[in-house]
Each structure stands twice: as C-alpha cells, then as structure tokens.
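*Asks:* Okay, here's the structure, questions in a sec.
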Amino acid sequence: IAKRLEKFKTTIFTQMSNLAVKHGAINLGQGFPNFDGPEFVKEAAIQAIKDGKNQYARGYGVPDLNFAIAERFKKDTGLVVDPEKEITVTSGCTEAIAATILGLINPGDEVILFAPFYDSYEATLSMAGAKIKGITLRPPDFAVPIDELKFAISKNTRAMLINTPHNPTGKMFTREELSKIASLCIENNVLVFTDEVYDKLAFEMDHISMASLPGMYERTVTLNSLGKTFSLTGWKIGWAIAPPHLTWGVRQAHAFLTFSTSTPMQWAAATALRAPDSYYEELKRDYNAKKAILVEGLKAVGFKVHPSSGTYFVVVDHTCFGLANDIEFCEYLIKEVGVAAIPTSVFYLNPEEGKDLVRFTFCKDEGTLRAAVERMKEKL
Ligand code: GLN
C-alpha cells in the first residue's frame with residue numbers, strides 16, 4: 001500500500017457495522033437510514049432507466065440536475081449560480097470532497113480541519129500531499145476557538161474545511177462563528193470547503209451556508225448530496241458549487257477520478273430536489289420525533305448527552321460506565337449489550353481527545369430506537 005495511506009485502516013463505520021452484524025447488535029453506528037427514500041424518487045429512477053437514460057452522463061452532470069441544484073441553492077441561500085459553469089455533479093459528497101481537495105490543493109499547502117472531523121477529509125488531504133493543521137472543537141458546546149484559529153493560519157494556509165451541521169457532534173456553526181471565520185479567510189486569502197450534507201436536518205437553529213456571507217462566495221466550495229435528505233445514501237449523488245475559477249479545479253479532478261456519475265440516478269435526483277416544501281418539513285418532523293426518543297432514552301440510561309442542533313447524530317460521554325476509552329466502550333456495547341455506536345477518537349488528529357465520546361445515530365425507525373434504549377437500560 002502507498003505510504004500516504006498506510007496509517008488509514010478499514011473505516012470505523014465498516015468496522016463497527018461488521019461487528020454489529022457478527023454479534024446481532026442493533027446498529028446505531030454507521031449513519032444510514034433503515035427505511036427507504038420516497039416513492040416518487042424511486043419511481044423517477046425506474047422511469048429514467050426505462051426511458052433509456054443509461055449511457056454516460058455529461059461529465060459535470062445531466063443538465064436537468066445541474067438546473068435543479070441551482071434552483072435549490074437559490075431557494076436555500078438566495079445565491080444565483082450558473083448551472084453550466086458553477087456546479088459539478090459527483091459520485092456522492094465524498095467524491096466532491098476528494099475532487100475539491102485534489103483539484104485545488106498542491107502538495108505542501110496547509111489545510112485547516114476542525115476536529116472531530118469526518119474520516120475522509122484527512123485521508124483525502126493525505127492523498128493530495130497537504131499539510132493538515134487541526135483545531136479542536138471541545139464539549140460541551142463545541143464552539144470555534146477563534147484565537148487558536150487565528151494562530152493556526154500562516155502564509156502557506158490554502159484552505160479551511162468546515163462541516164455544518166457537524167458530524168459527529170451535531171454542532172451547527174453560528175452566524176457569529178461563520179462571520180469570524182470569513183473575516184480571517186478574506187484577510188489571509190484562504191479558501192473554504194464546506195460540507196453541508198446535513199443542511200436539511202437542522203433542528204435547533206437555521207442552517208447558514210458559508211457561501212452566503214459577504215465576500216465569501218468567490219472563495220467557497222459548497223459541498224452537498226442527496227443521500228441524507230432523501231434517505232438514499234446508496235445512490236451516491238453529490239455535488240460541488242463554486243465560482244468558475246474554483247470549479248475548474250474541481251472538474252479537472254472529477255474528470256479523471258470518475259469522469260461522470262450514474263445517469264438514471266441523476267435524472268431521479270433532479271426530481272427529488274424539486275420536492276415541495278412539505279417534503280422537507282415532514283422529514284424534519286419525523287427526525288425530531290426520532291431524536292427525542294434517542295436523546296431521552298440515552299439520558300434515562302445514564303449518559304451525559306451533549307446537545308445536538310443538527311444532523312442525525314448525537315454524542316455522549318460514556319465515562320460513567322467505567323470503560324477505559326471510546327473503542328473499548330463501543331466493543332463492550334456491541335458484544336455485551338447488543339447495540340452499536342461509533343467511537344469518536346478516529347475523528348481526531350490526536351485520538352486521546354476523543355476517548356470519552358461516542359456517537360449514536362437516530363436515523364432508524366422508532367421501534368429500533370426504542371429497542372436499543374431498552375437493551376442499554378437493561379444491560380449497561
Ligand atoms: N456518513 C456516514 C456516517 O458518518 C457513513 C459514511 C460511511 O460509512 N463511510 O456514519
């Protein structure tokens with residue numbers, strides 16, 4: 001294996017899901033819904049296949065989808081973007097992240113990450129030969145330590161990667177935090193790559209896109225996908241929105257990573273994004289109910305639950321149960337209790353910082369959430 005990837009193991013999501021299957025545990029680990037996406041979107045995919053939309057798509061996206069993404073972005077942020085020049089459709093947001101990093105970062109460029117961070121960021125930055133600088137968001141509120149951030153920026157800092165609503169903590173970046181980060185980026189000529197795949201799962205406050213802040217669109221790549229919003233995580237339709245000078249890099253990388261993305265699924269994705277507002281409202285209502293079941297349940301089990309404003313995740317402090325660290329706790333939880341969660345230490349540059357925290361997901365039907373809580377109440 002190449003040196004730049006040597007330190008990365010099988011992803012923690014795969015590890016925990018495999019262990020959950022082996023021990024018959026209820027899986028509140030890997031973030032995938034155990035229910036299906038909406039009928040009208042599945043029907044649209046079947047129709048697209050029947051209509052012969054089955055050969056290579058245009059590299060940067062089928063025109064209808066690029067238009068639907070632009071419409072959605074305008075509705076969400078007020079920004080008007082050119083679907084032909086500023087949107088690139090990719091194979092999930094994970095590819096959008098990779099294409100953005102590989103297309104815009106040179107070896108040796110410094111990139112700032114906020115820990116805990118989603119595992120693909122570090123691996124992809126490593127593939128690009130970037131130098132990673134980490135800033136840790138700490139409980140209870142995971143606020144951005146602006147002075148540390150200021151200190152971390154150097155003349156070699158090329159970009160900052162942010163994620164809001166944030167996986168794994170459920171933190172949402174406030175307007176004040178985003179404004180401070182924006183000022184620093186403008187002053188120091190730093191780009192922002194912003195992963196907003198949970199933007200429609202914002203419960204406690206409104207989601208704010210970094211690109212919508214004054215002076216930021218021209219230096220921001222906004223990354224998003226279909227999977228979370230439409231409970232279709234296996235479809236792998238994502239996209240990057242950026243001004244033409246940044247889109248150029250993203251498209252060059254995308255052209256040689258995957259060239260294009262599944263054609264019929266792109267047509268169906270366009271149908272999905274044109275869903276009426278009521279779809280999004282219902283999604284949020286359903287998830288709010290699930291969240292309440294899990295959060296109240298975890299509190300009743302005895303965990304210290306950190307407040308989550310968005311995403312379908314919540315992190316808890318497990319230390320009152322007396323296990324040495326997050327990995328040991330999750331192994332115990334799967335094997336002895338029959339519930340899977342995700343240890344968070346893998347989301348930090350320094351694993352020590354995550355050893356007290358584990359992540360649970362509530363993207364499961366209510367019966368499954370209740371059953372998991374019951375198991376924990378009985379056996380923890
Ligand atoms: N994004 C999902 C999560 O955080 C899973 C991603 C994956 O399995 N690679 O759980």
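Derivation of every value follows stated rules applied to the coordinates shown; laboratory data play no part. These numbers come from a predicted model, not from an experiment. Reconstructed Cβ throughout: ideal geometry from the backbone, glycine too, with neighbour counts over all protein chains shown.
*Asks:* I need the calculated FRET efficiency for the pair Asn350 and Phe321, taking r as the beta carbon distance and R₀ as 25 Å, to the nearest 0.05.
*Replies:* 0.60
*Asks:* Spin-label point model (7 Å from Cα, Cβ direction): what's the Glu84 to Tyr56 distance in nm?
*Replies:* In this crude spin-label approximation the distance works out to 2.1 nm.
*Asks:* Right, here's the next one. Under the rule of -39500 (n - 2.57) per DSSP H run of 4 or more residues, summed and divided by the residues of the chain, what mean residue ellipticity at 222 nm is obtained, to the nearest 500 deg cm²/dmol?
*Replies:* Value at 222 nm, helices only: -12500 deg cm²/dmol.
*Asks:* Pick out, from Ala253, Pro243, Val192, the residue whose Cα sits farthest towards the positive end of the charge dipole of the chain, with +1 on the Cβ of Lys and Arg and -1 on the Cβ of Asp and Glu.
*Replies:* It is Ala253, whose Cα lies furthest towards the positive end.
*Asks:* Quick one: grab the alpha carbon gyration tensor of the stretch 39-273, order the square roots of its eigenvalues as a ≥ b ≥ c, and give me rounded if a/c is under 1.5, else prolate or oblate depending on whether a/b is larger than b/c. Could the numbers behind the result be given before it?
*Replies:* Working: a/c = 1.90, a/b = 1.56, b/c = 1.22.
Since a/c reaches 1.5 and a/b is larger than b/c, the shape of the stretch 39-273 is classed as prolate.
*Asks:* Looking at this model, which pairs from Lys171/Lys200; Lys3/Lys236; Lys228/Lys284; Lys236/Lys291 are more than 20 angstrom apart at the alpha-carbon?
*Replies:* Over 20 Å Cα-Cα: Lys3/Lys236; Lys236/Lys291.
*Asks:* Order by neighbour count: Tyr56, Tyr121, fewest other Cβ atoms within 10 Å first, most last. It would help to have the intermediate numbers written out before the result.
*Replies:* Numbers: Tyr56 10, Tyr121 24.
Placing the least packed residue first, the sequence is Tyr56, Tyr121.
*Asks:* In nm, to one decimal, how far is the Asp147 label point from the Glu43 one, both placed 7 Å along Cα→Cβ?
*Replies:* About 5.9 nm separates the two model spin labels.
*Asks:* Which percent, to the nearest 5, of DSSP beta bridges fully inside the chain are antiparallel?
*Replies:* 50
*Asks:* Between the stretch 240-293 and the stretch 103-164, what is the separation of their alpha carbon centroids in Å?
*Replies:* 24
*Asks:* Could you please state, rounded to a whole Å, how far the C-alpha centre of the stretch 302-338 is from the C-alpha centre of the stretch 24-42?
*Replies:* 21
*Asks:* Starting with the highest mean, order 182-188, 229-235 by the number of other Cβ atoms within 10 Å, averaged over the residues of each peptide.
*Replies:* 229-235, 182-188
*Asks:* Which of Val316, Ser345, Ala292 sits closest to the plus end of the dipole of the chain, meaning its Cα is farthest towards the positive end, when Lys and Arg get +1 and Asp and Glu get -1 on the C-beta?
*Replies:* Of the listed residues, the answer is Ser345.
*Asks:* Related question: Calculate the spin-label point distance for Asn34 paired with Asn188, positioning each point 7 Å from the Cα along the beta-carbon direction, and give it in nanometres.
*Replies:* Result for the modelled spin labels: 4.4 nm.
*Asks:* Collect residues whose amide H, placed 1.01 Å from N in the peptide plane, falls under 5 Å from the amide H of Asn27; neighbours closer than 5 in sequence don't count.
*Replies:* Amide H to amide H, under 5 Å and 5 or more residues apart or across chains, Asn27 pairs with Ala340.
*Asks:* Relative to the Cα centre, what is the charge dipole magnitude of the stretch 39-273, using +1 at the beta carbon of each Lys and Arg, -1 at the beta carbon of each Asp and Glu, and rounding to the nearest 20 debye?
*Replies:* On the way: 22 positive and 26 negative charges, 72 e Å.
Magnitude of the dipole: close to 340 debye.
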